[in-house]
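Have a look at the structure below, then the notes.
The values are calculated or read from the model by the stated rules, or taken from the named source; none is laboratory data. Keep in mind the model is a prediction, meaning the values are calculated, not measured. For neighbour counting, all protein chains shown are included, and Cβ atoms are generated from backbone atoms with ideal geometry for every residue, glycine included.
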Amino acid sequence: MAEFTGRHMLVVTVGAFSVIIAVNMLMAFKAVSTFPGLEVENSYVASQEFNKKRAAQEALGWTFSHLYERGRMKLAFTDAAGNPVEVGELSVLIGRTTEAEQDVRPAFTWLDGIYEAEVPLAPGPWMIRVTAKAKDGTLFEKREEFLVRS
């Protein structure tokens with residue numbers, strides 16, 4: 001058996017640190033490349049507008065619910081009396097909470113008091129962000145998480 005020399009120790013040490021540095025660089029690259037970015041441009045301005053927007057949204061008296069089954073997403077807006085609400089404008093983002101790569105913006109159609117869209121989603125955790133405008137222009141925003149089972 002060969003003698004373990006200082007040169008062998010140097011190779012082992014350099015090799016170990018090379019692997020550690022390579023893994024750290026890969027993880028840093030993945031973290032930066034999959035991060036969706038900022039939620040708002042200026043958090044101070046957004047905080048000043050939050051209470052006004054919330055009060056206006058609560059004054060609508062709307063309730064929002066969603067259901068995902070067999071590749072279809074269904075959205076329901078109801079007023080304080082429980083009647084279906086047809087919104088003026090609707091924008092929906094469905095995606096993973098930690099990355100933007102799988103984000104989709106499906107086109108929903110109004111059918112019998114419910115909005116529906118074909119949305120093929122892989123199993124796992126998802127997030128839905130809904131932005132709707134009432135006929136009078138009042139903004140309604142909701143963000144919820146849900147789980148797609150296989």
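Going by the structure shown, is F108 among the aromatic types (F, W, Y), within 25 Å of V148 (Cα to Cα) and surrounded by 10 or more Cβ atoms within 10 Å (Cβ to Cβ)? Yes. Restricting segment 1-55 to residues that are acidic (D, E) and not in a helix (DSSP H, G or I), which is nearest to Q102 (Cα to Cα)? Taking the candidates together, the pick is E39.
Of all residues in segment 63-90, those satisfying the criterion of being within 29 Å of T34 (Cα to Cα) and touching a Lys or Arg at 6+ places or on another chain (Cβ under 7 Å) are H66, L67. Annotation note: of V87, V92, V40, the sole residue that is β-branched (V, I, T) and touching a helix residue (DSSP H, G or I) at 6+ places or on another chain (Cβ under 8 Å) is V40. May I ask you to verify whether G71 is in the same structural domain as K135 (by TED's automatic domain parsing) and either loosely packed, with under 10 Cβ neighbours inside 10 Å or over 17 Å from F140 (Cα atoms) (or both)? When the stated conditions are applied, G71 passes them. From the residues in segment 116-148 that are in a loop (DSSP other than H, G, I, E, B) and more than 17 Å from the chain's Cα centre (by Cα), which one is surrounded by the most Cβ atoms within 10 Å (Cβ to Cβ)? Residue satisfying both the conditions and the ranking: A134.
If I ask for residues that are among the polar types (S, T, N, Q), surrounded by 12 or more Cβ atoms within 10 Å (Cβ to Cβ) and not in a strand (DSSP E or B), which ones from segment 88-105 would you list? Across segment 88-105, the qualifying residues are T98, Q102.
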